[in-house]
Amino acid sequence: MANELRFDDQVVVITGAGAGLGREYAKLLASRGAKVVVNDLGGSRHGDGGGASKAADEVVKEIVAAGGQAVADYNSVEQGDKIIETAIRHWKRVDVLINNAGILRDITIKNMTDKDWDVIMAVHLTGAYKTTRAAWPYFRKQRYGRVINTSSSSGLFGNFGQSNYAGKSTAKLALVGFTETLAKEGGKYNITANVLAPGAASRLTETIWPPDMMNVMAPAWVAPLVATLVHASCKESGSIFEAAAGHYSKVRWVRSKGLVLRADDSLTPGALLKGWAKVRDFRDAEHPTRVADSMALLQEALQLPPNEPGESLDFAGKVALVT
Ligand code: NAI
């Protein structure tokens, strides 16, 4: 098709591409001309085992059989530099990095061991850091790069009743801050970085969702968003997207206009309580995207007269903490 998004001559690294979502990204991008490094260490969904080359090999076979170009890489994302080396060794460049590899450990905070915590952090967070850190000098040098980091709605919103995601939620939200910073540092080098919170039927979700939900959640429906975001023509950066079952949306921060108090001895809990309704009033809310967005408010605080003492510290009376 003349007007389809193409990725000819682009070298794309996709971690955890031996199954689920990553496999769909690999197949779609390869079908549109990309040279794909299919990374997967072939471990269990809990992150045990590994070293089974089969998962990545199968996807490479599928891509090559369809006329595309792909190579397998079996390193853990914890050695992300080796994954980038595979791209450089084969094709001498890297243009797109999709940090997708992931595992689950179903465990509540009460029962969690340090090992459960550490392995989740190592794969989701350190893994994304290691591959990105290794690709970054190439992106900067060629003044071009596209990064996708994979978050999760459990990271963005928490998920009552799924405390098994406890460690993962933390790592997944950390990836938002990581990505927002990459977008700022990469801006002048034409490096974009975005966050994806996907939803799809895979071995990670098979024990969580009922079968009828699994049927409509094909991983293939997430791939078009990924392809759009990593295309050279897409300048979107520092953003968070959700994609599942054909629904795509963008998520952003929202901050109440808030209350500004003079910062001196008159700033007491009572004075704060007096203006509490303003703190939590989302009419005229703002959508901050930079640390500097709050600096103007601090300047404003310096100009204010001393605060009036608050009436009472009794939240139960005039001031409601929750609606
Ligand atoms: P999946 O289990 O089908 O695929 C993940 C792949 O990552 C597996 O093939 C696994 O072998 C590989 N992997 C695991 N640890 C690795 C490591 N250390 N190094 C290299 N490869 C490794 O899971 P799915 O659902 O495709 O997940 C992809 C990403 O999307 C994950 O980051 C997951 O947390 C995230 N996600 C998925 C959701 C869903 O609804 N499926 C929801 C929210 C987030």
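The values are calculated or read from the model by the stated rules, or taken from the named source; none is laboratory data. Because the structure is a prediction, the values reported are computed rather than measured. Note that each Cβ is placed from the backbone with ideal geometry, even for glycine, and that neighbours are counted across all protein chains shown. Keep in mind that these areas ignore ligands, DNA and RNA; they rest on the heavy atoms of the full protein, side chains included. Shrake-Rupley method; radii C 1.70, N 1.55, O 1.52, S 1.80 Å.
Overview of values
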{"item": "Charge context of Val11, other residues only, Cβ under 15 angstrom, K/R +1, D/E -1", "result": "+3"}
{"item": "Residue-count net charge about Gly80 - beta-carbon cut-off 10 Å; Lys, Arg +1, Asp, Glu -1", "result": "0"}
{"item": "Over 28 Å between alpha carbons, listed pairs Lys110/Lys184; Lys184/Lys278; Lys92/Lys172; Lys35/Lys141; Lys92/Lys130; Lys115/Lys184", "result": "Lys110/Lys184; Lys184/Lys278; Lys92/Lys172; Lys115/Lys184"}
{"item": "Listed residues Ile84, Ile107, Ile120, most fluctuating in the chain (Gaussian network, C-alpha, under 10 Å)", "result": "Ile107"}
{"item": "Mean residue ellipticity (222 nm) of the chain, computed from DSSP H runs ≥ 4 via -39,500 (n - 2.57), nearest 500", "result": "-10500 deg cm²/dmol"}
{"item": "Accessible solvent surface per residue of the chain, calculated while the other protein chains remain in place, 1.4 angstrom probe, Å²", "result": "52 Å²"}
{"item": "Separation of the Glu85 and Ile109 label points, Cα + 7 Å toward Cβ, nm", "result": "4.0 nm"}
{"item": "Alpha carbon convex hull of the stretch 11-251, projected area averaged over orientations, nm²", "result": "12.0 nm²"}
{"item": "Contour excess over end-to-end distance, with Cα ends at Val216 and Thr181 and 0.36 nm allotted per residue", "result": "9.2 nm"}
{"item": "Choice from Thr289, Thr268, Thr113 with maximal GNM fluctuation in the chain (Cα, 10 Å cutoff)", "result": "Thr268"}
{"item": "Charge context of Glu180, other residues only, Cβ under 11 angstrom, K/R +1, D/E -1", "result": "+2"}
{"item": "Accessible surface of the chain [probe 1.4 Å, protein heavy atoms]: carbon and sulfur percent", "result": "57 percent"}
{"item": "Choice from Lys184, Lys235, Lys141 showing the highest fluctuation, given a GNM over the chain with Cα pairs closer than 10 Å", "result": "Lys141"}
{"item": "Kyte-Doolittle at least 1.0, axis length at least 20 Å by Cα - qualifying DSSP helices, the chain", "result": "none"}
